[in-house]
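Everything on this sheet refers to the single structure shown next.
The values are calculated or read from the model by the stated rules, or taken from the named source; none is laboratory data. On a predicted model such as this, the values are computed, not experimentally measured, just so you know. Don't worry about glycine lacking a Cβ; one is built from the backbone with ideal geometry, like all the others, and counts go over all protein chains shown.
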Amino acid sequence: MKQLRVVLLALAAVAALMMVGCNSPEKMLEKASEIKADLNPNPLVLVGDSVQGSISGTFPPKYFHKKAMLELVPVIVYDGGELKLPSKTYQGEDVTENNDVISNANGGRCKVDFKFKYEPQMMRSTVELRFVLHYKGKTSTLPAGMKVGIGINETQNLALLEGDKGIPTPLAHNYVRDRQELKDAQINFAIQQATLRPGELTKDDVKELLDQIKQLSNDQKQVLTSLDINAYASPDGPVALNDNLSKGRGKVTQDWLMNNLRKNKIRTDVVKIQEQATDWDGFKKLVENSNIEDKELILRVLSMYSDPDVRNREMHNMGKVFQVLAEDILPKLRRAQMVANVQVQGRTDEETKALVDAGKIGELPENEALYAVTLYDDADKKAELYRAITAANDQSYRAYNNLACILLNKNDLSGAKSALDKAAAIEPNNSAILNNQGVVAVREGRYDDAEKLYVKATDAGEQVRQNLGFVAILKGDYKAAVEYLKGSNSFNQGLALLLTDNLSAAQNTFNTVKKDEPLAYYGLAIIGARNEDEKMAVDNLREAISMRSDLKERAKKDVEFRKLAQSEMFANLLK
C-alpha cells in the first residue's frame, strides 16, 4: 500500500511538471511553427501605388499561455532591406490588456491586415511573420520568422515599361496650300443717289481691294476667279424707286471695277452683279443689334406686314422713331458690296524649305510656318524651327505646344514644362495643351494631377483616352482602364484586360500588336503561365527577350512565372 502511494505521488509530480512545461511562455516561441498561417493573396499584388493583404492563422489548443502576450509582425524582406509592417498583438486569458484574447484550452484564430506603399525593389521579396513574446514586462523574439509568401505581383507596372508614359498631342498647322481667299470692300451711296462719291473710292477697304487686284497681274500664283457685286437700296422709299436705285448702284460699281481691271490687264468677265434689292434683311439685323429705344415696335411691324410698301408707310408713321432710323440705320444700307474671290496657289515644298533654310521661317504666315516644320524629320531641327516661330510671333501657342511635344519625346521635362507654360498663358483651356501638361504630370509621378488635366482635355482626341487609360492602370482602376482603352488596339488595352482577368480578350489584343511590341509577347507569356501552358509561356517569353533583353531579368523575379520554377525550358531560357 505504501509502495502504491509512492508511485501515485511520483506520477502526480511528473504530470505537474508536464503541465508547467506545456504552459511555459517560452514554449510559445519554440512551438511557433505549430501556428498555421496563410498569406492572402499569395503572392501579394500591387494595385495602384500600394500593396494590401493579410496573414490569417490558427493557434492550436494548449498553445497560448494565460499570462502572456504574443505580437505578430508581418515583414517584407527584399534585397537591400526589409519593411516591418504594423503588428497585431494577442493575449492570454489572464492578461488585463485590451487585445484579442486566445483561449488556452481551445486555441483560436488570428489575423493581421496590412497595407504598404510599394517600392520596385520589393518585386523579388519574401513575406515573413515574426513573433515577439511579452511576459511579465520582458520581451523575447523568435530569431527566425515564419515564411508565408514569396514576391509581389507588379504586372500593372508593365505599363511603365511601355515607352510612351503618356502620348503628347500636337496642334494642327491648318495650312492649305491651294486655297480660295476672299477680299471685300463696300461703297456707300447718298440717299436716292446712284453716283460714286470720290470719298468712298479712297476708303481703306476699297484701296486694299484695288491694290490686291493690281498685284494679281504680276503674280502667277494668284488668279482672280470672280468679283461679285451685291447692290442694295435702303427700305425707306417706294418699291419702284428702290429697284432703280439698287440696279443703278450695281451698274456704276460694275463699270468702275471693270475700268480698273482693264488698266491692270486683268480679264473683266469675272465681274458679276449677283444681287440688286431693297435690303430688308440687313435692316432687320441692324435694328436687332441696335440700342434704339423702340426697336421692338419696329421689329413687330416687320413681322406683321410682308408688303414692302405697307412696311414703308408704317415706318414713316412712327415720327421720332423713323427719324432715328433715318440717321443711324438707313444710311448703312445704301451700298454696293464687292467681294473678290482669289485662287491662291501656295509655294511648293521645295520653295518653302528654301525660305526656311535661308532663315526666313519667321516671315511666313503662321499656318505655313507650322507646316514648314513638318517638312523636316530631325527632332532637333524641328525644335529649332518652333523656337524660331515663337521668336517671331510670341503669341503662337501652337508653336509652343508643338515644341513641348518634341521635348516630351526627348524626355526633356523641364523644357517641355516651360514651353507649355507659355502656351497655356495664351490659351489656358486648349485641350491639346491640357493633355500635354497631363503627360508632364504622369512622367513626374503626379497621377492625380494628370488625371484631372486629361479629364479637362477630352476634346483633344484619341490620345487623351489612351492617356486616361494609362493613368487608370497605374492607379489600380483596371475596369475604368478597359473602358478608356477600348478599341485602341494597344499594349495597354491588352494589359488592362489581363489585369481584369479577361485572358481571352487580352490574348487577342496582344496578338494584334505583338509584331512591334515586345511587351505584348511578355503579356502572352504571362497568359500562358496563368493557364499552365508551359510551351506558350516559354515561346512568347523567348520572343519578348529577343526583342528586348532587359525583360530576361524581369522574368527571373516575376511571380507570374512561379509555376514554371521547375521547368527545364524556362530555366534554360533565363540562363
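Listed values, structure above:
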item: Any chance ASP449 is without any contact (Cβ under 8 Å) to a residue 40 or more places away in the chain and either assigned to a helix (DSSP H, G or I) or of a type in the set (A, V, I, L, M, F, W, C) (or both); result: yes
item: Any hit, the range 295-310, residues being surrounded by 12 or more Cβ atoms within 10 Å (Cβ to Cβ), free of Cβ contacts under 8 Å to residues at least 12 places away in the same chain, under 54 Å from the mean Cα position of the chain (by Cα) and more than 30 Å from GLN345 (Cα to Cα); result: yes
item: ALA404 being crowded, with 16+ Cβ neighbours inside 10 Å, touching a residue at least 40 places away in the same chain (Cβ under 8 Å) and outside the structural domain of GLN193 (by TED's automatic domain parsing); result: yes
item: Residue in the range 95-111 that is part of a strand (DSSP E or B), under 30 Å from ALA555 (Cβ atoms) and either touching a His at 6+ places or on another chain (Cβ under 6 Å) or of a type outside the set (A, V, I, L, M) (or both) present; result: no
item: Failed item in (1) over 53 Å from the mean Cα position of the chain (by Cα); (2) surrounded by fewer than 17 Cβ atoms within 10 Å (Cβ to Cβ), with LEU261 passing the rest; result: (2)
item: Of residues in the range 133-172 being among the small types (Gly, Ala, Ser) and outside any strand (DSSP E or B), the one farthest from the chain's Cα centre (by Cα); result: GLY137
item: Segments classed as helices (runs of 4 or more DSSP H), wholly inside the range 311-393, with at least 3 members that are out of contact with any Asp or Glu (no Cβ under 9 Å at 6 or more places or on another chain) and under 22 Å from SER418 (Cβ atoms); result: 366-373, 379-392
item: Which numbered condition GLU427 fails, given (1) in contact with an Asp or Glu (Cβ under 9 Å, 6 or more places away or on another chain); (2) closer than 19 Å to ASN174 by Cβ; result: (1)
item: Selection status of MET123, in the same structural domain as VAL77 (by TED's automatic domain parsing), surrounded by 19 or more Cβ atoms within 10 Å (Cβ to Cβ) and of a type outside the set (Ser, Thr, Tyr); result: yes
item: Residue selected from the range 269-290 under the condition within 46 Å of the chain's Cα centre (by Cα) and not in a helix (DSSP H, G or I), by the criterion surrounded by the most Cβ atoms within 10 Å (Cβ to Cβ); result: SER290
item: Filtered residues of the range 127-159 (kept if over 27 Å from ASN99 (Cβ atoms), in contact with a Phe, Trp or Tyr (Cβ under 9 Å, 6 or more places away or on another chain) and surrounded by fewer than 19 Cβ atoms within 10 Å (Cβ to Cβ)); result: ASN157
item: Unique match (being under 30 Å from GLN345 (Cα atoms) and in a loop (DSSP other than H, G, I, E, B)) among ASP219, ASP228, ASP211, ASP205; result: ASP219
item: Qualifying positions in the range 414-443 - closer than 18 Å to ILE389 by Cα and either in a loop (DSSP other than H, G, I, E, B) or at pLDDT below 95 (or both); result: GLU427
item: The range 33-71, residues that are acidic (Asp, Glu) and either part of a strand (DSSP E or B) or outside the structural domain of VAL127 (by TED's automatic domain parsing) (or both); result: ASP38, GLU71
